[in-house]
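A.B. asks: Attaching a single structure in structure tokens format; questions to follow.
The values are calculated or read from the model by the stated rules, or taken from the named source; none is laboratory data. Owing to the predicted nature of the structure, the values given are computational and were not obtained by experimental measurement. All Cβ positions, glycine included, derive from the backbone under ideal geometry; neighbour counts span all protein chains shown. SASA here: full protein model, heavy atoms, side chains in, ligands and nucleic acids out. Shrake-Rupley method; radii C 1.70, N 1.55, O 1.52, S 1.80 Å.
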Amino acid sequence: MGASPMRAQAWRAEEEKQQDAGPVWPTRHGVDLVASRALTMRLRRAIDRDPEPDDAQWAALGQALKVGDPLADDVADWLLDVGMATGWPVVDQFLSDCQMDVALAPAPLARLLHAVRHDPPWLDTALLARGARFMQGTGGHGLMVLRDAGLMAGYQASAINQTLMATGALHRGTGRRVAETGLWWLAITADGGLDVAAPGFAATVKVRLMHALVRRRVEATDEWDAAYLGRPINQTDLQITYLAFSVVQMLGLRMLGTHIRPAESKAVMHLWRYAGWLMGVHERFLCEDEMQGRVALFQNLLAQAPPDHSSQALAQALMAEPFERHGESVGHWRRTLERACHLSVARWFVGAEGLRELGLPQAWPWYPLLVMLPMRVWTGVVARVPGLRAWARRRARARQESHVRRLAAAHVSGHGAPTAPGGCPRL
């Protein structure tokens, strides 16, 4: 099916509104290019073309700081109007039963459902399946890279952190956010996880709506500095979050020795392109292949604000997470070892200067150096033996599920593991 006209109309209306408001973007945009270029130096070496943004690309990133997600924002307004206790069960009902007639939904919700149930013209379900299978086969390293390269390194972009700080999420538990996002990631990367009737599809749309509700809540506070920050969870920040799950994760996996073939890279990018599309990222900010994604990541990082106190607060909370788990029988030495592994991977990815900016203790990258060669050999062999590949993928997936559900149980004291994800830890 073609792209939904409702989706296109919503974006055009939002863009016209922003253009009418003037061409000036929020002042955080490219606020410290010296610091940003230092942050992107290692990434620049992984790009095979000139990644510098032209004037139009730079302006688009600046303008996108003022743009939210019009379809989801309308649903958030309806939810706040009727009350969450009344509205959210309706959302849940329509997302749980894809056979329900969209026309029966309240108008804002009907527009969103109509948009997400119309596949974009570029969607390739075979590529989605292949991307999910590759993610399943990354095992514990896939989750480790998401945490220590995607999330931890991402805290260096301090302006994005302000949404988390404004909602008080730092004090409500880093572990819970990580666990819930792990459940969401498992749902997306399951076989058929993004089919319209699948849990991953519903979970992704719910994350999108939670973002819109947070956007409305934070914008209503007196503390939010829109002139500097733009809108909470804006399109520029959504793009870099989506790239953390695709481009950053593959870069991190390679740094731990994982062999990724071109066809697998293409499939992973397609999987997250569709997940990003469902989550409300504008199509202009989605990438078809990994090199295009690296360029987009480079340009976005140039536009981000440098690390500040929020970077250190969030990074230190994440590094302390292993010691905050409830009900685990493992001893202090096990938690200390896990923390050391995470710190080692973060050091390998962000460097010594990055650890300093995040307020973390210095560490040697011993874990990546220890596993890199064995992983390169193992994943190279697995990629060439079909029977072994399927067996290895099943074992790797079992490790992922065990780890995420253990985190979920440990961080939801007295209530057991959550049954659905509550949002993205980055936003």
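A.B. asks: Could you tell me which of the residues Val67, Val91, Val116 is touching an Asp or Glu at 6+ places or on another chain (Cβ under 9 Å) and crowded, with 17+ Cβ neighbours inside 10 Å?
C.D. replies: Only one candidate passes the filter, namely Val67.
A.B. asks: Which members of the stretch 90-107 meet the condition of being part of a helix (DSSP H, G or I) and more than 14 Å from Val205 (Cα to Cα)?
C.D. replies: Passing the criteria: Val102, Ala103, Leu104, Ala107.
A.B. asks: Evaluate the following for Thr189: is it among the hydroxyl-bearing types (Ser, Thr, Tyr), out of contact with any Pro (no Cβ under 8 Å at 6 or more places or on another chain) and farther than 25 Å from Asp124 by Cα?
C.D. replies: Spelling it out, it is not the case that Thr189 is among the hydroxyl-bearing types (Ser, Thr, Tyr), out of contact with any Pro (no Cβ under 8 Å at 6 or more places or on another chain) and farther than 25 Å from Asp124 by Cα.
A.B. asks: Being at pLDDT 95 or above and touching a helix residue (DSSP H, G or I) at 6+ places or on another chain (Cβ under 8 Å) is the requirement here; does Val281 meet it?
C.D. replies: yes
A.B. asks: Moving on. All but one of (1) among the aliphatic types (A, V, I, L, M); (2) surrounded by 20 or more Cβ atoms within 10 Å (Cβ to Cβ); (3) more than 28 Å from Leu209 (Cα to Cα) hold for Met291; which doesn't?
C.D. replies: (2)
A.B. asks: I would also like to ask the following. Out of the stretch 266-277, which residues are closer than 10 Å to Arg130 by Cα and either polar (S, T, N, Q) or open to solvent by less than 10 Å² (accessible area, probe 1.4 Å) (or both)?
C.D. replies: Ala267, Val268, Leu271
A.B. asks: When you go through Glu324, Glu401 one by one, which is the residue that is among the acidic types (Asp, Glu) and at pLDDT below 95?
C.D. replies: Checking each option against the conditions leaves just Glu324.
A.B. asks: Next up: So, in the stretch 206-239, exactly how many residues are buried (at least 22 other Cβ atoms within 10 Å of the Cβ) and within 16 Å of the chain's Cα centre (by Cα)?
C.D. replies: Looking only at that region, the number is 13.
A.B. asks: Could you grab the pairs with beta carbons closer than 7 Å, sequence gap of 6+ or different chains, first residue in the stretch 307-324 and assigned to a helix (DSSP H, G or I), second one open to solvent by 40 Å² or more (accessible area, probe 1.4 Å)?
C.D. replies: Cβ pairs passing all conditions: Ser310/Gln162; Ser310/Met165; Ser311/Glu357; Met319/Arg339; Pro322/Arg339.
A.B. asks: Further, regarding this structure: Which condition number in (1) charged (D, E, K, R); (2) buried (at least 17 other Cβ atoms within 10 Å of the Cβ); (3) modelled with pLDDT of 95 or more; (4) closer than 26 Å to Ala267 by Cβ is the one that Glu180 fails?
C.D. replies: Among (1) charged (D, E, K, R); (2) buried (at least 17 other Cβ atoms within 10 Å of the Cβ); (3) modelled with pLDDT of 95 or more; (4) closer than 26 Å to Ala267 by Cβ, the lone unmet condition for Glu180 is (3).
This table checks each residue for (1) more than 26 Å from Glu338 (Cβ to Cβ); (2) open to solvent by 30 Å² or more (accessible area, probe 1.4 Å).
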| residue | (1), (2) |
| --- | --- |
| Pro121 | yes, yes |
| Thr125 | yes, yes |
| Arg130 | yes, yes |
| Met135 | no, no |
| Thr138 | no, no |
| Arg147 | no, no |
| Ala153 | no, no |
| Thr163 | yes, no |
| Arg176 | no, yes |
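A.B. asks: From the set of residues in the stretch 48-64 that are part of a helix (DSSP H, G or I) and not aliphatic (A, V, I, L, M), which is surrounded by the fewest Cβ atoms within 10 Å (Cβ to Cβ)?
C.D. replies: Asp55
A.B. asks: Let me ask another. So in the stretch 205-220, with the set limited to residues that are touching a Pro at 6+ places or on another chain (Cβ under 9 Å) and among the β-branched types (Val, Ile, Thr), which one is farthest from Leu71 (Cα to Cα)?
C.D. replies: Here the answer is Val218.
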